[in-house]
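See below for the structure under consideration.
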Ligand SMILES: [Zn+2]
């Protein structure tokens, strides 16, 4: 039989599934599942009054944990909020660590005014702004009641950016090993390894989170977190070289994810990865959850411990009105003689 030049459709299907999945991993941070787990974990550590101030329902907060990543598709200003390339700035002779944004911006513009002042990312400053946004959402300047949706949005974003700050490769210009021939290392660290830990049989407890006693400074804590993360970058790059050498042949396998199959590191190769990185991923994950809880708690205190408000419930009339023609829905919602 003559060999066909067209690849079998199954093969094409697999190829596209792999490509699309890899793209999704590259544009997300921590991965959608770990981000949501982190918010859920942080929620579990909050005191009762603070849970009430967040609507007493973790669902919206958890489901919005990845909004910031989704916004990258529609908002060109979003991307720099998720990283800071400390090494690139240092190579340029720019000391950004610990600077306030006004000073950092001046330095960046003085060096090259033709480039964006956000070219190395703005993660530490974004964390400071997101914190203020949460405080302001809880304590509006016009003394009106806090808008719960706005509070949840601000808390979810603060938690998201803080999670990103705990990822070592969000602090480096070589964020996906693209400069050192190590492409894929980003997803390996923050998605494959974390999901393997979360879904593994030996899931370890994080230890008790005490959000009430953990200090969180909106200006300095982000820099400290970023410094911790950045210090792990050389270790991760070195571990990946050894891991690739050890697992080159049998380290990847097809896995089902939803309706698609994709190529991903196998469980045994991820166990090797974990030992090569000295098991640092899980403690990093746990401290991220702890700091998210501490940040929400600290913002709540700064806002003057606002009380909770119950989320207004949608009545059956309001639900039904969504599906009716306008004049009928108006009658249903406004006619005093309605049933
Ligand atoms: Zn992100």
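A short reminder: the numbers here are calculations on the coordinates, not readings from a lab. Note that the structure is predicted; figures quoted are calculated from it, not measured. Note: ideal-geometry Cβ built from the backbone for every residue, glycine included; neighbour counts use all protein chains shown.
Here are a few things to note about the model shown:
- Along each principal axis, Cα extent of the stretch 34-125, largest first, Å: 48, 28, 21
- Extension gain, residue 275 back to residue 44 (0.36 nm per residue minus Cα-Cα distance, nm): 80.3 nm
- Of every Cα-Cα pair in the stretch 170-247, the percent that sits beyond 16 Å: 65 percent
- Translational diffusion of the stretch 151-198 was estimated from the Stokes-Einstein equation, with Rh taken as the Kirkwood radius over Cα pairs; at 20 °C and 1.002 mPa s the coefficient is 179 µm²/s.
- The calculated P(r) of the stretch 218-281, using every Cα pair and 10 Å bins from 0, goes 19, 35, 27, 16, 3 in percent.
- Dividing the radius of gyration of the alpha carbons in the stretch 86-233 by their Kirkwood radius gives 1.02 for Rg/Rh.
- Gain on full extension, evaluated as 0.36 nm per residue between residue 250 and residue 56 minus their Cα-Cα distance, stands at 65.2 nm.
- Annotation: peptides 186-195, 271-280, ranked by per-residue average of other Cβ atoms within 10 Å with the highest first, follow the order 186-195, 271-280.
- Inter-probe distance in nm under a simple model that places probes 7 Å from Cα toward Cβ, at residue 202 and residue 149: 4.7 nm
- Highest to lowest packing among 217-227, 113-123, scored as the average C-beta count within 10 Å: 217-227, 113-123
- On the beta carbon distance between residue 107 and residue 305, with R0 = 56 Å, the FRET formula returns roughly 0.90.
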